[in-house]
1. Whole number in Å², please: accessible area per residue of the chain, 1.4 Å probe, ligands, DNA and RNA not counted.
2. Using a 10 Å cut-off on Cβ atoms, rank the peptides 201-207, 115-121 from the highest mean neighbour count down.
3. When the accessible area of segment 34-136 is split by element with a 1.4 Å probe, what percent falls to carbon and sulfur?
4. Can you tell me how the chain classifies by the Cα gyration tensor, rounded, prolate or oblate, using a/c under 1.5 as the rounded cut?
5. Excluding Arg249 itself, calculate the net charge of residues whose Cβ lies under 9 Å from the Cβ of Arg249, where each Lys or Arg counts +1 and each Asp or Glu counts -1.
6. Sorted by average packing, counted as other Cβ atoms within 10 angstrom per residue and highest first, what order do 12-19, 42-49, 148-155 take?
7. Near Glu119, within a Cβ-to-Cβ distance under 13 Å, what is the net charge of the other residues, with Lys and Arg +1 and Asp and Glu -1?
8. Output the relative contact order of the chain, whole-number percent, from Cα pairs under 8 angstrom with separation of 6+ residues.
Amino acid sequence: MAQSIDAVLEELDQILAEARRQRSRLGYFAALYRDVTARVQDAIEAGNFDDGTRMERLDVRFARHYLDALEAHNSGGDPPRAWTHTFEAASRWRPLVLHHLLLGMNAHINLDLGIAAVEVTTEETLPDLKGDFDRINRILGDMIETTQTRIADVSPWIGVLDRLGGRADEVISNFCLVQARNDAWDFAASLAALDAEAQARAIETKDEETARRTADILRPGGPWIVPALLWVRLWETASVPTILSTLSRTSPAV
């Protein structure tokens, strides 16, 4: 089990290598997440956080939730519902590359992040994490334009979603930055004040809420959006390895 960011990156590389071999869309979120994790590691090594050691623990615990969920899925286990919906979408043709990324962000940020923050702190020490927690927003913000460009490289008609009301740019920004991470912090604060039994119930409820969001991600807007999404999908790059290589520029596996 990964105990360092280096080990997390190695696990992600293994996932990407297998996704490339299997031509599996399960690798799309892993590709993006690999680059985000590498950026966080660079920031820790540059001394950009108040407590780099604590941030590495948080990053590892955060990643562990995704890695464990994927392992459960691959081995026939029972991952959280939010992740189950995300992984099931990878077996279907219709979801866009953007959909796969947003589904992964939904499960990982809205469900996993608050849990991970509580796992590396106590109720008394959680507030000390807030400054470094928010510094991650700047790292993600710096990646937004790059990520949008990479998506456009493999999904050239993605702009049609903006023109028809899907607002792809705004959706990505919302999931990566302010609202989703603020909600994750609020969730962490609420969890920290609960005993273990109450935490388990709260996490179950949060998982159900997060899983329900997958339908809104896959079909934003009214029924008129369905043919637009189909048109965008028809013009996407067909090669899974090419998409993996486009989404991640740090992994030797792609």
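The values are calculated or read from the model by the stated rules, or taken from the named source; none is laboratory data. Worth saying up front: this structure is predicted, and the values here are computed from it rather than measured. Don't worry about glycine lacking a Cβ; one is built from the backbone with ideal geometry, like all the others, and counts go over all protein chains shown. Note: accessible area is taken over every heavy atom of the protein model, side chains too, but ligands, DNA and RNA are not part of it. Shrake-Rupley method; radii C 1.70, N 1.55, O 1.52, S 1.80 Å.
1. Details: 11690 Å² over 254 residues.
I get 46 Å² per residue for this part.
2. Values: 201-207: 15.9, 115-121: 20.1.
The densest-packed peptide leads the list: 115-121, 201-207.
3. Working: 1840 of 4040 Å².
Roughly 46 percent of what the probe reaches on segment 34-136 is carbon or sulfur.
4. Numbers: a/c = 1.57, a/b = 1.39, b/c = 1.13.
Note, shape of the chain comes out prolate.
5. Numbers: positive: Arg150; negative: Asp35.
Summing Lys and Arg as +1 and Asp and Glu as -1 gives 0.
6. On the way: 12-19: 20.5, 42-49: 14.1, 148-155: 18.2.
Result, highest mean Cβ count within 10 Å first: 12-19, 148-155, 42-49.
7. Values: positive: Arg54, Arg57, Arg61, Arg64; negative: Asp59, Asp68, Asp112, Glu123.
Net charge in that neighbourhood comes out at 0.
8. Details: 293 pairs, mean separation 78.7, N = 254.
Reported as a whole number, the value is 31 percent.
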